[in-house]
Amino acid sequence: METNNSGRRGFLKGALAASAATMVAAPGESAAQAAAKVPASASGPSSRTVAAETMGSHSAHDDELTGHVHNPGSDFMVDVFKAAKIDYVAVMTASSNRGLQESIVNYGGNKAPEMIVCCHEEAAAGFAHGYAKMAGKPMACMVHANVGLQHASMAIYNAWCDRVPMMVIAGNTADATKRRPGVEWMHTAVDQAVMVRDFVKFDDAPASLQHYAESFMRARSIATTPPMEPVLIVADGELQESPIEDRQALRIPKRVDVSPPEGDARAVAQAAEMLAGAKNPVIVVDRAARSQEGVELLVKLAEALNAPVIDLHARMNFPTTHYLNQSSLRRKYIGAADVILALEVDDLWAVANTVSDTPGRPSKGLVKPDARIVSISANYLYAKSNFGDLQRYQAADLPIAADAQATLPSLIEAIAHATSAARGSVIAARKQPMQAAFAAMRAAARNSAALGWDASPISTARLCQEIWAQIRNEKWALVSQPQFESFWAHRLWDITEYQQFIGHAGGYGIGYGLPAAAGAALACKGTGRIPVNIQPDGDFLMVPSVLWTLAHHEIPLLTIMHNNRAWHQETMHLVRMSSRRERDPESWRHGTLIEAPYVDYALVAKGMGVWAEGPISDPALLGPAIGRALAVVKRGLPALLDVVTQPR
Amino acid sequence: MNFLQKTSSVLLLLIGAAATAAQADEAKQGHELFLKRGCYLCHGTVGQGGIAGPHLVPDTLPVDAFSAYVRTPAREMPPFSEKILSGAELHAIHAYLISLPKSPAADSIKLLPKPGK
């Protein structure tokens, strides 16, 4: 019979195709590894697909009869990943993505993209967050329909507030008639993306593979255009698992990067005029730099004006060693400023005002009434209403909708143009006082760091300096948030390179620390850069399973616990409440201290396969222990040191 | 030195020792209060200060000014009234802070190199 014949022919050809694939494998190499070598084209089908399709030439009908699918849609989705140059996909394994996961391994050879196996979707999205900031490009995270996306949502929110691109892939089964009863209904939604739509820049649920390719490439370019943000693509289960009808007819649009918006020339000239003529200009930077080039441009800008720079630390913007970095003197300079230049500042209102955490929440202005504000930010080009990341409204005197880094070259040039000889001498005269103020600021920081130097629990200044002593002659990066250690790293370390610091969580969502540090460490792997994560204990407890992922993938990351045995921020809120209400003054510890029992973080880490030591509370023992941990990291493995510390 | 003089100087010594012991006791009680009432949360366990509160050592305010500040802080610090922290307790906290040994000077600490060193 015709059907039988073609079925048999299909089977034989399928076997041939499979053996062809095995033949390219070198001795000791699996077919998947061999497949990984096969270059994928951006627009056409990969050679493997062509081979499978031409040699195997299965009809869908053949496969239906044998129960096989030899050219699933998810293979094409892997081609799309490759065309988009997505190197890693953080995965929490899940049935709604089973087709895609199998294709990543067997069709894609688990290389570019390579799966990073996570134990929680919050870890997967957090990984992608930290990776993008260190690598300067997005990776993907792949999460289960409904339940996985809800787990991931907190980390997506942080990345959104932090203006970080990531590709979120969520499963679903749109066609209700294809869902098995029970769990598959629980794990599908009419509108999967609605759960996170308020904090992704773009989402789509493609209905065909061609639609998938176009939406994915569109999503990637939207994500990486300032303001950069996470995006979501729903990879429908039927689309993943059904055969590709005609691979030759499918086209993957080429990967393109949108050039970031540069400030309007007239507005930039006006800004330059205001700045060059200012008596006390101040530059405030938050997410101003996107690369080392941005750091260097900011130095040029500041030197052109001899203006103090106040770094709000959402990224590495300005070298801590430069005499114009006067971040600790923020109040003094803001109060005296006549022109303030804000570059990619999230909260402009808080630069010029403050609200006191006292009853009635009184607010007051911090700037002179006639101070003028120039604000350059890509945030003017994008807003969503529901979540409060846009902060209280502050009308700048000259708001410029543009990417700050892209605008810096023209701004610097315009300032040179606007600097007459007379203005030039005013600017030059600021240099010496700025140098003196910088020296005094650094000396004050050293003196403050000495206080409590020998205390136990160990002071955060001592913690930072013990680390600094051991990494300062290496290629290093601080991949954690510095505010928990009273900004000692920024006050005392020489932070000069863009990749030496990746900023904060963005959305202040606890649980960012360990996953994001791990993601940044992944981006450092193989580059010789040693990532250092000073890890608060409360944050650690949110997604500790990241340690297993680090061990599993042998990602070197030096984690030093900042273990103050509390959700410390909350202790301060609680003592404020009971003091204000004149109630039990010792009640603040309920629900805020992590005690009875204390968590043995070294034991937790060892249980997940990570080298660990501690707890250490004697400062004299800290240096040698860091040395031992660092040696492990230099061997290419993660290490954790538990250190019992002062609160802040 | 006659007998009377001798006795009185021994007495003075005894009184002095008792006074020091009392001071030490007060400082010890002050230490406990500094922790339990949550002063350390913002000022650090040895009053070294940090991002959440200024250092309270060295140059601790004189006890009257110290107490006045804690009762009616001028800015962000929460107020501690008599009802939740008695005068004697506040005095003990002050005694604790002034009893603390001085921290080493920055210049004597190898791990605090001068900028550029």
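Read the figures in this text as sums done on the coordinates, not as results from a lab. Owing to the predicted nature of the structure, the values given are computational and were not obtained by experimental measurement. Here the Cβ is made from the backbone with ideal geometry for all residues, glycine too, and neighbour counts use every protein chain on show.
When the listed pairs A:Lys111/A:Lys133; A:Lys133/A:Lys525; A:Lys475/B:Lys110; A:Lys82/A:Lys178 are checked against a 25 Å cut-off, the alpha-carbon distance exceeds it for A:Lys82/A:Lys178. Only alpha carbons enter this Debye calculation for segment A:515-610, each as an equal point scatterer, and the log10 of I(q)/I(0) it gives at q = 0.13, 0.17, 0.20, 0.24 Å⁻¹ is -0.55, -0.77, -0.94, -1.19.
Across chain A, the relative contact order, built from alpha-carbon pairs under 8 Å that are at least six residues apart, equals 12 percent.
When all alpha-carbon pairs of segment A:257-408 are counted, what percent fall beyond 29 Å? More than 29 Å apart: 13 percent of the Cα pairs in segment A:257-408. By the rule of a C-alpha distance below 16 Å, with chain neighbours fewer than 8 residues away ignored, the lysines paired with A:Lys384 are A:Lys201. Counts of other chain beta carbons within 10 angstrom of each beta carbon in peptide A:103-115 average 0. The mean sequence separation of alpha-carbon pairs under 8 Å and at least six residues apart, normalised by the residue count of segment A:265-438, gives a relative contact order of 29 percent. When the Cα atoms of segment A:408-554 are aligned to their principal axes, the ranges along those axes come out at 62, 40, 31 Å in descending order. For A:Ala265 and A:Asp347, a Förster radius of 25 Å and the Cβ-Cβ distance give a FRET efficiency of 0.35, rounded to the nearest 0.05. Listed by chain and number, the lysines whose C-alpha is less than 24 Å from the C-alpha of A:Lys431, apart from same-chain residues fewer than 8 away, are A:Lys279, A:Lys300, A:Lys332, A:Lys368, B:Lys114, B:Lys117. Calculated on C-alpha atoms, the gyration radius of segment A:271-360 divided by its Kirkwood radius gives an Rg/Rh of 0.98.
Kirkwood hydrodynamic radius computed over segment A:207-288 comes to 16.9 Å, based on all pairs of distinct alpha carbons. A Förster distance of 30 Å, applied to the separation of the beta-carbon atoms of A:Ala112 and A:Ala444, puts the FRET efficiency at 0.05. Projecting the alpha carbon convex hull of chain A along each direction and taking the average yields 32.8 nm². Taking Rh as the Kirkwood radius, which is the inverse of the mean 1/r over Cα pairs, what is the Rg/Rh value for segment A:451-644? Taking Rg over the Kirkwood Rh, I get 0.97. So what's the gap between the Cα centers of segment A:83-104 and segment B:67-117, to the nearest angstrom? A separation of 54 Å, based on Cα centres. Between segment A:332-359 and segment A:130-146, what is the C-alpha centre distance in whole Å? Value for the Cα centre distance between the two parts: 33 Å. Every helix of 4 or more DSSP H residues in chain A counts as -39500 (n - 2.57), and over all residues that averages to -12500 deg cm²/dmol at 222 nm.
Can you compute the label reach from A:Glu273? Point 7 Å from Cα along the Cβ direction, backbone N cut-off under 14 Å, restricted to segment A:408-430. The answer is A:414-415, A:417-420, whose backbone nitrogens lie closer than 14 Å to the label point.
Shielding by partners for A:576-586, please: the mean number of other protein chain Cβ atoms within 10 Å of each residue's Cβ.
Mean shielding count: 5.
Over chain B, dividing the summed -39,500 (n - 2.57) contributions of all DSSP H runs of at least 4 residues by the number of residues returns a 222 nm mean residue ellipticity of -17000 deg cm²/dmol.
Computed from the Cβ-Cβ distance with R0 of 22 Å, the FRET efficiency linking A:Arg635 to A:His552 stands at 0.85. Taking a straight line from the alpha carbon of B:Lys28, these lysines sit under 19 Å away, with near neighbours fewer than eight places off in the same chain left out: B:Lys36, B:Lys102. Computed from Cα atoms alone, the Kirkwood hydrodynamic radius reported for chain B is 16.6 Å. Per residue of peptide A:476-488, the mean number of Cβ atoms on other chains within 10 Å of the residue Cβ is 1. For A:Ser375, the residues 5 or more places off, or on other chains, whose built amide H falls under 5 Å of its own are A:Ala342, A:Leu398, A:Ile400. Geometric descriptor of segment A:73-249, per residue, is 97 Å³ (volume of the convex hull of the Cα atoms).
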